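A.B. asks: This is the structure I want to talk about, given as structure tokens.
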Amino acid sequence: MSKLRLAEGLVGVSEVSIPIGNSKESKESPGSTWPKDLIALEPGETAWDMVLKKIKELSDSDCRDAFMVADLGVLASRHQVFCQALPRVLPFYAVKCNSSPWVLRVLAALGTSFDCASQGELEQVLDLGVAPSRILYANPCKPVSHIRFAALHGVKLLVFDSEEELIKVAQHHPGARLVLRLWTQDSDSIFPLSSKFGARLEVCERLLKSARDLGLAVVGTSFHVGSRCQTPHNFMKAIADCRRVFEMGSRIGHDMSLLDIGGGFPGEEGSDPEFEEVAGVVNAALAQNFPEGSGIEIIAEPGRFYATSVCMTAVNIIAKKAVLEPGGHRKLLYYLNDGHYGTFRVFPREPEPRMPIVVKELCPKPPLFPCTLFGPTCDAFDKLFLKEVQLPELDVGDWLVFPFMGAYTSVMSSTFNGFSPTSICHAVGPELRCLGEEEREWAVSSSHQDLNLLRGVGG
Ligand SMILES: Cc1ncc(COP(=O)(O)O)c(C=O)c1O
């Protein structure tokens, strides 16, 4: 058994190891213990090179199945950017966003904590050996059996936003440390959440008193400005609201010590607003409402920010039709081997379609046509995007690659119409390096000792 170790100093969490198999045997060698879905990039090789290599391999065969490549090294750099931009905030990665075991293993080793939404996610993270104290059960509306599971396994931090939830928790997890989720203005976020979750300020006092009367401890507040938040100022308002609820809670007798600023951070570099702008607003709001030295622990639940740029999806054109529109305009329908019921489930909810990279040698400025991209099933709603995209004339067997496919993609895949979920290859980039047998000693910094429990995973 050998491990991956993060390049020292890269993320400020030095000497963290992840077991992966025997590094002395190359991935090509017979009997290699490298997991089949984990591939080491050669020096100088990138995940994009791997995509092209795999496309070439598949194109030489009859099987041109869609596939994803996940670059685990990207996670390390996203973590570094997050921690540098928000130095007072501890990330609790939102597992729902991309729950690939390799993603979770790398993040656990980097020292992030986890936001789980269900018993299934709690089990997945606990099975990696992550300490229950590094888990937040952040779904405000939980099945009783999942609450009992959390209680049984020592997961104490639970989010709530209603009286009914308090009653369930009092009965099934009286030792919980509760976090009150507040309603936020999120109507201009691409994926708003406030119609479903969050207590309005007017009801917070009643909820805090009910918790006290039920003998429950409320330790802080949380909010979520909606995924792909477009208005950084919404963080400012939400953090100011949290401050008011902290004061309320303290007056009522709760020991308010935890502020959770949720997710909503942009996923792609160069997005509008940029992450740096959002982080600037958050830091200013924290300084104003929860100044350094106030003794408050500040956490966040980023998902998209970490996962978006980790994955690329390569899809193949399995069928094609050309139609003439009234007026003689040519339109193309491309049928792809991944779609709405696979990794593209959330994209019809985005305002604009994503542009793929065409993997084909074309003349310098090929004519473009309005194209509808359909998935492989028999459902006419199985389109990648609601709008058409402008693409050149392509053929059955050609490949398209979509970058930035790590967030809310493979986690949502189904087997509708009998199509298998797109397979994922995990690439180990230059930020992660392989250690030999002789370096078996775990060198885990004292603050991350519980990572020792990862020993034995993945070999
Ligand atoms: C409770 C909770 N936390 C965190 C997240 C992650 O949000 P994002 O991917 O925008 O960072 C979500 C997304 O839906 C969520 O519902």
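A.B. asks: Give me the one-decimal nm value for the distance between modelled label points at residue 363 and residue 90, 7 Å along each residue's Cα-to-Cβ direction.
C.D. replies: Label-label distance for residue 363 and residue 90, simple model: 6.1 nm.
A.B. asks: Heads up, I need the accessible area for residue 152: 1.4 angstrom probe, whole protein in place, Å², nearest 10.
C.D. replies: Here the accessible area works out near 140 Å².
A.B. asks: Would any residue of segment 134-168 have its amide N under 14 Å from a label point 7 Å out along Cα→Cβ of residue 213? List them or say none.
C.D. replies: What the label zone holds, given the 14 Å backbone N cut-off, is 163-164, 166-167.
A.B. asks: Roughly how many Å² is the accessible area per residue of segment 70-197, as a whole number, for a 1.4 Å probe?
C.D. replies: For segment 70-197, the solvent-accessible area averages 33 Å² per residue.
A.B. asks: I would also like to ask the following. So for 357, 39, what's the accessible-area order with a 1.4 Å probe, most first?
C.D. replies: Sorted by accessible area, descending: 357, 39.
A.B. asks: Taking only DSSP H segments of four or more residues, each worth -39500 (n - 2.57), what value at 222 nm results for the chain once the sum is divided by all its residues, to the nearest 500 deg cm²/dmol?
C.D. replies: My calculation for the chain gives -8000 deg cm²/dmol from helical runs alone.
A.B. asks: Residue by residue, what Karplus-based ³J(HN,Hα) values in Hz, rounded to whole numbers, does segment 198-210 have, using 6.51, -1.76 and 1.60 with θ = phi - 60° and x for Gly and Pro?
C.D. replies: Using θ = phi - 60°, the values come out as x, 8, 5, 3, 4, 9, 5, 4, 4, 5, 5, 5, 4 Hz.
A.B. asks: Hey, any idea what % of the chain's accessible area is carbon plus sulfur with a 1.4 Å probe?
C.D. replies: 53
A.B. asks: First measure r as the distance between the Cβ atoms of residue 48 and residue 201, then evaluate 1/(1 + (r/R0)^6) with R0 = 51 Å and state the FRET efficiency to the nearest 0.05.
C.D. replies: 0.60
A.B. asks: Return the long-range amide H neighbours of residue 38 (sequence gap of 5 or more, or a different chain), with a cut-off of under 5 Å between placed amide H atoms.
C.D. replies: Placed amide hydrogens put 426 under 5 Å from residue 38.
A.B. asks: Oh, and also: State which entries of 142/196; 53/365; 54/383 exceed 19 angstrom in Cα-Cα distance in the structure shown.
C.D. replies: Working: 142/196 13 Å; 53/365 25 Å; 54/383 25 Å.
Over 19 Å apart, Cα to Cα: 53/365; 54/383.
A.B. asks: So what are the ³J(HN,Hα) numbers for segment 350-364, from phi and the Karplus equation (6.51, -1.76, 1.60; θ = phi - 60°), rounded to whole Hz, Gly and Pro as x?
C.D. replies: Working through the residues one at a time gives 8, x, 10, x, 8, 8, x, 8, 8, 9, 6, 6, 10, 5, x Hz.
A.B. asks: Quick one: accessible surface of residue 419, probe radius 1.4 Å, all protein chains present, in square angstrom to the nearest 10.
C.D. replies: Solvent-accessible area, nearest 10 Å²: 80 Å².
A.B. asks: Determine the alpha carbon to alpha carbon distance for each of 360/387; 320/360; 96/387 and list only those over 20 Å.
C.D. replies: Distance filter (> 20 Å) returns 360/387; 96/387.
A.B. asks: If you don't mind, there's one more thing I want to ask. Could you calculate the contour length gain from residue 164 to residue 257, that is, 0.36 nm times the residue separation minus the distance between their Cα atoms, to one decimal place in nm?
C.D. replies: 31.1 nm
A.B. asks: Before I look further, what does segment 214-357 give for accessible area per residue, probe 1.4 Å, in whole square angstrom?
C.D. replies: Heavy-atom accessible area per residue stands at 38 Å².
A.B. asks: So how do 125, 203 rank on accessible area, 1.4 Å probe, biggest first, that is with the largest at the start?
C.D. replies: Values: 125 0, 203 45 Å².
Greatest to least solvent exposure: 203, 125.
A.B. asks: Can you give me the orientation-averaged projected area of the convex hull built on the Cα atoms of the chain, in nm²?
C.D. replies: That works out to 24.4 nm².
A.B. asks: Can you list the equivalent-ellipsoid semi-axes of segment 30-116, largest first and in whole Å, using the square root of 5 times each Cα gyration tensor eigenvalue? Show your work: numbers first, answer last.
C.D. replies: Details: eigenvalues 183, 41, 35 Å².
Computed over segment 30-116, the values are 30, 14, 13 Å.
A.B. asks: What accessible area, in Å² to the nearest ten, does a 1.4 Å probe give for residue 123?
C.D. replies: Roll a 1.4 Å probe over it and residue 123 shows about 70 Å².
A.B. asks: Just to be sure I understand the curve: with the Debye formula and one point per C-alpha of segment 225-326, what is log10 I(q)/I(0) at q = 0.14, 0.24 Å⁻¹?
C.D. replies: At q = 0.14, 0.24 Å⁻¹ the computed log10 ratios are -0.64, -1.26.
A.B. asks: Across segment 120-134, in residue order, what do the Karplus-derived ³J(HN,Hα) couplings come to in whole Hz, using 6.51 cos²θ - 1.76 cosθ + 1.60 with θ = phi - 60° and x for Gly and Pro?
C.D. replies: Each residue's phi maps through the Karplus curve to give x, 5, 4, 4, 4, 6, 4, 5, 7, x, 6, 5, x, 5, 9 Hz.
A.B. asks: Given H placed on each backbone N at 1.01 Å, which residues far from residue 93 in sequence or on other chains put an amide H within less than 5 Å of it?
C.D. replies: The list, which skips near neighbours in sequence, is 113, 114, 115.
A.B. asks: In nm, to one decimal, how far is the residue 141 label point from the residue 387 one, both placed 7 Å along Cα→Cβ?
C.D. replies: Between residue 141 and residue 387, the label points sit 3.2 nm apart.
A.B. asks: Then there is this: Between residue 416 and residue 319, what is 0.36 nm times their sequence separation minus the Cα-Cα distance? Round to one decimal in nm.
C.D. replies: 33.1 nm
The values are calculated or read from the model by the stated rules, or taken from the named source; none is laboratory data. This one's a predicted model, so the numbers in the text were calculated from it and none came from an experiment. We place every Cβ from the backbone using ideal geometry, glycine too, and count neighbours over all the protein chains shown. Heads up: the accessible areas ignore ligands, DNA and RNA and are worked out on the full protein's heavy atoms, side chains in. Shrake-Rupley method; radii C 1.70, N 1.55, O 1.52, S 1.80 Å.
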